[in-house]
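A.B. asks: Quick one: this structure, given as structure tokens, is what I'll be asking you about.
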Amino acid sequence: MLYRMERLIGMSIRASDEDIGSDEDIGKVEDVYFDDHRWGARYLVVDTGGWLGGRKVLISPIAIESIDWDKRCVQVTLTRQQVEASPPIDTDKPVSRQHEVDFLGYYGYPSYWGGPFMWGTSSYPYPQRPTLAVPGANGSLNERAHSAADPHLRSALELIDYHLQTTDALMGQVEDFLVDNESWAIRYIVVDTRSWWSGKHVVISPQWITRVDWAERLVYVDVARETVRGAPEYDPSSDYSRAHEASLYRHYQRPGYWQ
């Protein structure tokens, strides 16, 4: 299933040792950090309010047990004490790879950059590293961290309102993201083109993004303006099914990621 990332913002985080029905929670989701290399949602940024003196913490999808969309609550496998003792991270500054190493090491999580798949040696955010042997995935977490000197962690909210630059024209603005609820891969960016064509939304796969200019607030894609203009319209009020995805990829004459 694909869901709009904006639905996560404002959700409560419930620890594993909190009583059912309790009004207490760890905090509320303020942002989502993703990496602009593999386009995976890596962390929920949680505002703990007055509980930790306003300190913000990161929650990995590895720790998420379930999401109650109706009650707007994310149940995690962590206790309040675990979260309280987690390494401090200043979310007002870029999160360095060393901070990630400290965070993942504290919780005993595998690194997502330590292999060829979305989550390193797995396509899904599992709490334990699978036994699958992957060439080049050996070495300690610190060794892999230092070998990846250029981290790609970005704020999802920062990308909102960036303009889309096609191969031949500027058009549309980033409005949201569609995320896979199992792999936490960002499958599409939602683009609002209503300033160009009345009432039209489209989606663009990150596979078609050539680069993001963070200074100029531009997302470059290797598709032409008229191709985007003729793409199937995205309806924000309905679920985006595999049939919608298949129609989209046929329009762009590209193989679907599921193939």
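The values are calculated or read from the model by the stated rules, or taken from the named source; none is laboratory data. Everything numeric here is computed off the predicted structure, so don't read it as measured data. Neighbour counts run over all protein chains shown; Cβ positions are idealised from the backbone, glycine included.
A.B. asks: What tally of residues in the range 218-259 results from selecting those that are out of contact with any strand residue (DSSP E or B) (no Cβ under 9 Å at 6 or more places or on another chain) and under 11 Å from Thr166 (Cβ atoms)?
C.D. replies: Going through the range 218-259 one residue at a time, the tally reaches 3.
A.B. asks: Name the single residue, out of those in the range 47-79 being within 20 Å of Phe103 (Cα to Cα) and either among the charged types (D, E, K, R) or not assigned by TED's automatic domain parsing to the domain that holds Gly27 (or both), that is modelled with the lowest pLDDT.
C.D. replies: Arg55
A.B. asks: Further, regarding this structure: Kindly provide the set of residues from the range 81-101 that are surrounded by fewer than 18 Cβ atoms within 10 Å (Cβ to Cβ) and part of a helix (DSSP H, G or I), ordered by number. Quick ask: steps written out before the conclusion?
C.D. replies: Quick first cut of the range 81-101, residues surrounded by fewer than 18 Cβ atoms within 10 Å (Cβ to Cβ) only: 81-82, 84-85, 87-88, 90, 92-94, 96, 98.
Those that are surrounded by fewer than 18 Cβ atoms within 10 Å (Cβ to Cβ) and part of a helix (DSSP H, G or I): Gln81, Gln82, Glu84, Gln98.
A.B. asks: With the requirement that a residue be of a type in the set (Gly, Ala, Ser) and within 18 Å of the chain's Cα centre (by Cα), what does the range 85-113 give you? It would help to see each step written out before you state the result.
C.D. replies: So the first thing to find is which residues in the range 85-113 are of a type in the set (Gly, Ala, Ser), and the list is 85-86, 96, 105, 108, 111.
Residues satisfying the conditions are Ser96, Ser111.
A.B. asks: If you don't mind, there's one more thing I want to ask. Got a sec? Which of Arg42, Arg38 is under 16 Å from the mean Cα position of the chain (by Cα), in a loop (DSSP other than H, G, I, E, B) and of a type outside the set (Gly, Ala, Ser)?
C.D. replies: Numbers: Arg42 fails: in a loop (DSSP other than H, G, I, E, B).
None of the other options fit; the residue is Arg38.
A.B. asks: Further question: Taking Tyr257 as meeting all but one of (1) under 18 Å from the mean Cα position of the chain (by Cα); (2) modelled with pLDDT of 95 or more; (3) part of a loop (DSSP other than H, G, I, E, B); (4) not small (Gly, Ala, Ser), write down the number of the exception.
C.D. replies: Evaluating Tyr257 over (1) under 18 Å from the mean Cα position of the chain (by Cα); (2) modelled with pLDDT of 95 or more; (3) part of a loop (DSSP other than H, G, I, E, B); (4) not small (Gly, Ala, Ser) leaves (2) as the failure.
A.B. asks: If I ask for residues that are hydroxyl-bearing (Ser, Thr, Tyr) and assigned to a strand (DSSP E or B), which ones from the range 60-80 would you list? Break it down into steps so the answer makes sense when it comes.
C.D. replies: The initial filter retains those residues of the range 60-80 that are hydroxyl-bearing (Ser, Thr, Tyr), namely 60, 66, 77, 79.
The answer is Ser66, and nothing else.
A.B. asks: Hey, could you check the range 215-226 for residues that are part of a strand (DSSP E or B) and over 17 Å from the mean Cα position of the chain (by Cα) and say which is nearest to Met1 (Cα to Cα)?
C.D. replies: Narrowing the range 215-226 to residues part of a strand (DSSP E or B): 218-221.
Applying the additional criterion that residues be over 17 Å from the mean Cα position of the chain (by Cα) yields 218, 220-221.
Values: Leu218: 28, Tyr220: 27, Val221: 25 Å.
The residue in question is Val221.
A.B. asks: May I ask you to verify whether Arg80 is charged (D, E, K, R) and under 17 Å from Trp184 (Cα atoms)? Can you show your working first?
C.D. replies: On the way: charged (D, E, K, R): yes; under 17 Å from Trp184 (Cα atoms): no.
For Arg80, the condition - charged (D, E, K, R) and under 17 Å from Trp184 (Cα atoms) - is not met.
A.B. asks: What are the residues in the range 187-214 that are touching a Lys or Arg at 6+ places or on another chain (Cβ under 9 Å) and either closer than 20 Å to Tyr124 by Cα or not in a strand (DSSP E or B) (or both), if any?
C.D. replies: Thr193, Arg194, Trp196, Trp197, Lys200, Ser205, Pro206, Gln207, Trp208, Trp214
A.B. asks: Okay, next question. Quick one: would you say Glu245 is modelled with pLDDT under 95, in a helix (DSSP H, G or I) and either outside the structural domain of Tyr126 (by TED's automatic domain parsing) or among the β-branched types (Val, Ile, Thr) (or both)?
C.D. replies: Numbers: modelled with pLDDT under 95: no; in a helix (DSSP H, G or I): yes; either outside the structural domain of Tyr126 (by TED's automatic domain parsing) or among the β-branched types (Val, Ile, Thr) (or both): yes.
So Glu245 does not fit the description; no.
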